[in-house]
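Participant: Got a structure for you, written out below as structure tokens; questions coming shortly.
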Amino acid sequence: MGEVLGSIISLGLPVAAVFLWGESLREMWKRFIRRGGETAGRGAYWCLTSGEFVRVAEGGGVLPGGSGDVYARVYAPLMLLLTPILGMVFVVFLPLVLPVMVLKAVAVQGWRFIGRRAPTGAGRL
């Protein structure tokens, strides 16, 4: 879960570029999102469809996979800054989420139990 959330947050940099530098969404999309089989510049890319990380060496290269594979560029310095924050969010919210999930499961089972025990002949003479 941390990897997925981290990659989503790393995509926040391009979104900030839209607001700060006036870059259009189409230009931002072309720079940070690639498809399998496209040429890509040097760097690390995360495949959003399979979850694997791919490194492209100096001079660029072709991303593996077909046109159905979507790759997002991942910036290592940004991830190094965000990793402690993501860890803190995980540690703070896990104790809050767990009881909510348990209460929901108990409520669903209770609702099913009540639904099975409803009288079937109510209202008949």
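Bear in mind these aren't lab numbers, they're just calculated from the coordinates by the rules spelled out. In this text, all values refer to a predicted model and were calculated from it rather than measured experimentally. Heads up, the Cβs are rebuilt from the backbone with ideal geometry, glycines too, and the neighbour counts pull from every protein chain shown.
Participant: Wrap a convex hull around the Cα atoms of segment 38-103, take a quarter of its surface area, and give that in square nanometres.
Facilitator: 6.2 nm²
Participant: Just want the answer: with Cβ charges of +1 for Lys and Arg and -1 for Asp and Glu, which residue in Val70, Gly115, Gly59 is farthest toward the dipole's positive end in segment 38-122?
Facilitator: The residue sitting farthest along the positive end of the dipole is Gly115.
Participant: For Leu98 and Arg31, compute 0.36 nm times the residue count separating them, minus their Cα-Cα distance, and round to one decimal in nm.
Facilitator: Gain on stretching Leu98 to Arg31: 20.3 nm.
Participant: Using a Förster distance of 22 Å, how high is the FRET efficiency between Leu78 and Ala57, based on the Cβ-Cβ distance and rounded to 0.05?
Facilitator: So the FRET efficiency works out to roughly 0.60.
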